[in-house]
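Participant: Take a look at the following structure, please.
A short reminder: the numbers here are calculations on the coordinates, not readings from a lab. Computed from a predicted model, the values in this text were never measured in an experiment. Because the Cβ atoms are built from the backbone with ideal geometry, glycine has one as well, and the counts that use them run over all protein chains shown.
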């Protein structure tokens, strides 16, 4: 069965699980049993608490295990696919990626503007910037590819489609304020372009409910205090964030966390409409020197 079809079925199943809010106390009611597969999809956060601890800091191992289980009958074909160029996959261009840092789900924003292959064919050097409130840090580090599974393509024009996994460690500039390093697991949906040489990010289902892609899930560790914080970012929906996202078709940040940097995201005021009804960010903060 096509993976995106499976996702749609899980969404429908989870709609059977009713969410009610009584003042500040939130209660979850679900007709599905605790061991139902729907409760083990990291992107359907409302009922993850039945099987996972919301106070846990690092979910990178759990994420990799859950996301690769669906390929149990497939072969990891990364070694056969290292001749392709993957460098453009993580570039954010004129966009940004949103994420959370800490158990209070403080907003963190990312922009990746440079990716090059290292001397090792499975490793890429990544450079970009992170932003929390007004604090901006430069970072650089490595992303090492570890697994690749081929599957069906949503778009018939694509030669091949696959799911890619990797380990990352990104170091912020230690001379900058409130700096540290990011470490964890990355997952991305990709496809082979018509030249048969480059792998590109697959956004063929980016208008679907529950869309996510280019997900980074792991931790951030402060250089000075050595304190480790939960840190997850990516395109649109985020995994293992429990009561953070209350949206149905799109991500909507819970009122509980909206003041932790998410107000302009929720109300859309950070965007401006340009030609052809296209929306862009007002503040291209990564261009700040």
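Participant: List 274, 253 from most exposed to least, where exposure is judged by having the fewest other Cβ atoms within 10 Å.
Facilitator: Listed from fewest to most nearby Cβ atoms, that is 274, 253.
Participant: Another question, if that's okay. Order by neighbour count: 273, 228, fewest other Cβ atoms within 10 Å first, most last.
Facilitator: The fewest-first ordering by Cβ neighbours comes to 273, 228.
Participant: The chain: percent of C-alpha pairs farther apart than 36 Å?
Facilitator: 14 percent
Participant: What number, in percent, do you get for the relative contact order of segment 55-262 if the mean sequence gap of Cα pairs under 8 Å and at least 6 apart is divided by its residue count?
Facilitator: Relative CO of segment 55-262 lands at 21 percent.
Participant: How far is it, in nm, from the label point at residue 56 to the one at residue 273 when both lie 7 Å from their Cα along the line to the Cβ?
Facilitator: The two pseudo-label positions are separated by 4.4 nm.
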